[in-house]
Amino acid sequence: MALKRKADFDLPENPASTVKPRLETPCDLAYPILSRPPRSSPAFQRPSQLLTFSYTPSRTLEFTDSALRYFASPPRNADLGYAYDRWIRRPEERGRLDGLLHAWTRVKRDMKREHEAAASKTSWKAPDVGVVSWRGVMTKILTAPYEERDGWELNVMTLGGTMYFEEHLSEDRLREKNDMEPRHRLQSYYGYAFESYCTSSDPNQRQDSESDATGWSGDVDTNVQWCSVAKTKLGDTRLIIGGEVDCVRGKYSGGTDNFVELKTSLAIRGAHDEAKFEKKLLKFYFQSFLLGVPEIFVGFRKPSGHLTTTQSFQTIQIPRLVRGKPGAWDPLICLDWGSKFLSFLQDTVKSGSQRDVWRLKFVPKVGVTAVVLDEIGVRDVEAGEDRVGFLPRWYWDDHVGTGEEVGKGINEKAAGANKFAIAAGWQL
Ligand code: A3P
Ligand code: MG
C-alpha cells in the first residue's frame, strides 16, 4: 500500500510535530477504558468491493489487475533472505491519498454514467460519504485502544462533508524510515520474500518459467501492488477504504471472498511468544477485516529468516481465538472507539473552512488531540507540490470549483480494462 503501518521495530515514540498549532487549546478525545467493554458497539457493515487497480513496476497506477497474484503453497524451510540484494525497494513517501482519489473519482464517474443511462428523473448526486482513507490509517485508528508504544499523526481535511485522512510523516521521519538499520531492513524484506514464495501469476499452478526450483516466483519489487477499494460503514459513517491485497486463492471472481492476506511472524517458542503473537493478531485482524479479506496466511520463521511452519486463520474467527487469553483484546472496544473517534473529528472539523488542514495526534494511553494548522504547517503538508493541503489540486478543483463534478481520472484510455462493475446496492 502506499501507506504502510510502522513495523514493530522502527519507531520513536510519539513522533514530534514540527508544526505550531494555531489554536491555543486543542480539542481532545480521551482514551477508552479497556476494562469496561461497551454495552453495545456500533455496527460495522460488511465491506463491499467497488473497484481494483494496480501499480506497475514504474509505479504507474492503472485500472487493471496486472498486479493480481494467486496463492501458491510456499516450500518448506524457504529462505526469506533469498535475493535480498535484488530487492527493488520503493522509497518511503508521504501517505498521499492520490491513488485512492483517482479510484474513488472513477467509481463516482461510473455511478453517474449508470444513473444517466437509466434515464432517471432525479438529478445525479454524489454519495454521502463520511471518510476516504487508506486501510492502513483506519487500522491504526481502530487498534489505538491497545497501542502501547507507537504514536501517530494524521492530516485531516474535509470537503463537502467528507473527511480525508493522510498519515502525517515529517521530513525527519521519512528520512528515518528510508535509512532503516540494516537488520530492520532485512526483517522487513522477509515479509516481502514470503509474498514471493506464496504467490504466482498463474491461477492454476506455478509455471516452471516463473518459479525456480526453490519455489521463488520472482524478485521483490515493492512498487508493484494490487489494490482493492471498498465501501463500508461504521455506525452511521460511510467509509471508502483502499488497500493492498496480497493474493487470491483459486480464481478471481471479482469479489473479496477468496482474498488472502500474507503475514510473517517469529516462530512461537513459549507462552511469552504466544501472548505477543496474540497481540499482533489484533492488527492482522483489523487490517483484513476492513477490506473484507477472509483469510490470513501466516508464515512462522526463525530469527535467521527460514520458514518453519505456516498456518491459515479465518479473519472473523480471530477474536474468538484470543478471548480470555493473556494477550486478549476485544474488537468491540476498537469499533466503539473508532466510532467515537470519527464523531469527535466530524464535530471538530466542521467549524472551519474547507482549506483548513487539521493535525490529529494520537498518544498511546492518553488519547488524541486535534489542532488546525497555521500557514507554515499547511505549506509543510503541501511540500511544494500542486496541492491544496494534501489534496491534489485536480481533486480540489473538481469538488470546490464545480461542486460534485466527477470524471477526471487517469488512464482514461484503460477505461475498458477494469472488468468489474460497481457493486450492486450502492444506494445512499
Ligand atoms: P509482514 O507483515 O509479514 O511482516 P503487509 O503484510 O501489511 O502487506 O506488508 C507486507 C510486508 O511489508 C510486511 O510483511 C513487512 O515485511 C513489510 N512492512 C510493512 N510495513 C512496514 C514498515 N512500516 N516498515 C518496514 N517494513 C514493513
Ligand atoms: Mg501481507
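The values are calculated or read from the model by the stated rules, or taken from the named source; none is laboratory data. As the structure is a computational prediction, the values presented were derived from the model and not from experiment. Cβ coordinates were reconstructed from backbone atoms using ideal geometry, including for glycine residues, and neighbour counts include every protein chain displayed.
Could you tell me which residue of the stretch 215-248 is surrounded by the most Cβ atoms within 10 Å (Cβ to Cβ), considering only residues that are away from ligand 1 (no atom under 16 Å from the Cβ) and in a loop (DSSP other than H, G, I, E, B)? The residue in question is W216.
Taking first residues from the stretch 251-265 that are in contact (Cβ under 8 Å) with a residue 24 or more places away in the chain and partners that are within 8 Å of ligand 2 (Cβ to nearest atom) and small (G, A, S), the Cβ contacts under 7 Å between residues at least 6 apart in sequence or on separate chains come to T264/G191. Among residues belonging to the stretch 257-278 that are away from ligand 1 (no atom under 12 Å from the Cβ), closer than 23 Å to L186 by Cβ and not β-branched (V, I, T), point out the one that is surrounded by the fewest Cβ atoms within 10 Å (Cβ to Cβ). Taking the candidates together, the pick is R269.
Look at R135 and say whether it is within 16 Å of ligand 2 (Cβ to nearest atom), modelled with pLDDT of 95 or more and surrounded by fewer than 17 Cβ atoms within 10 Å (Cβ to Cβ). So R135 does not fit the description; no. Filter the stretch 291-302 down to residues that are crowded, with 16+ Cβ neighbours inside 10 Å and away from ligand 1 (no atom under 12 Å from the Cβ) and give me whichever is nearest to C198 (Cα to Cα). Selected residue: E295.
Among the residues examined, G218 qualifies as at positive phi and out of contact with any Pro (no Cβ under 9 Å at 6 or more places or on another chain). Only residues that are within 16 Å of ligand 2 (Cβ to nearest atom), in a strand (DSSP E or B) and under 18 Å from the mean Cα position of the chain (by Cα) were counted in the stretch 154-203, giving 0. The strands (runs of 3 or more DSSP E) located wholly in the stretch 285-386 that include 2 or more residues which are within 28 Å of G160 (Cβ to Cβ) and touching a Lys or Arg at 6+ places or on another chain (Cβ under 8 Å) occupy 367-372. Of all residues assigned to the stretch 85-96, at least one qualifies as being touching a residue at least 40 places away in the same chain (Cβ under 8 Å) and either at positive phi or not in a loop (DSSP other than H, G, I, E, B) (or both). Could we say that W104 is more than 16 Å from ligand 2 (Cβ to nearest atom), among the aromatic types (F, W, Y) and assigned to a helix (DSSP H, G or I) here? Considered against the rule, which asks whether it is more than 16 Å from ligand 2 (Cβ to nearest atom), among the aromatic types (F, W, Y) and assigned to a helix (DSSP H, G or I), W104 comes out as yes. Has the stretch 46-62 got at least one residue that is in a loop (DSSP other than H, G, I, E, B), modelled with pLDDT of 95 or more, away from ligand 1 (no atom under 16 Å from the Cβ) and buried (at least 19 other Cβ atoms within 10 Å of the Cβ)? Among the residues of the stretch 46-62, at least one is in a loop (DSSP other than H, G, I, E, B), modelled with pLDDT of 95 or more, away from ligand 1 (no atom under 16 Å from the Cβ) and buried (at least 19 other Cβ atoms within 10 Å of the Cβ), which makes the answer yes. For the stretch 171-194, a residue qualifies if it is out of contact with any Gly (no Cβ under 6 Å at 6 or more places or on another chain) and within 22 Å of R69 (Cα to Cα), and the qualifying residues are S188, Y189, G191, Y192, A193.
Collect the residues in the stretch 78-109 that are more than 30 Å from L154 (Cα to Cα) and not aromatic (F, W, Y), keeping them in residue-number order. The answer is A78, D79, L80, G81, A83, D85, R86.
Would you check which residues across the stretch 28-45 are small (G, A, S) and either surrounded by fewer than 17 Cβ atoms within 10 Å (Cβ to Cβ) or modelled with pLDDT of 95 or more (or both) and list them? Within the stretch 28-45, A30, S35, S40, A43 qualify. The combined condition, being in contact with a helix residue (DSSP H, G or I) (Cβ under 9 Å, 6 or more places away or on another chain), more than 12 Å from ligand 1 (Cβ to nearest atom) and in contact (Cβ under 8 Å) with a residue 24 or more places away in the chain, is fulfilled by S170. L142: part of a helix (DSSP H, G or I), in contact with a helix residue (DSSP H, G or I) (Cβ under 9 Å, 6 or more places away or on another chain), away from ligand 2 (no atom under 16 Å from the Cβ) and under 20 Å from L234 (Cα atoms), yes or no? Yes: the conditions hold for L142.
Does the stretch 187-207 contain at least one residue that is within 11 Å of ligand 1 (Cβ to nearest atom), under 23 Å from I296 (Cα atoms) and among the charged types (D, E, K, R)? The answer is yes; a qualifying residue exists.
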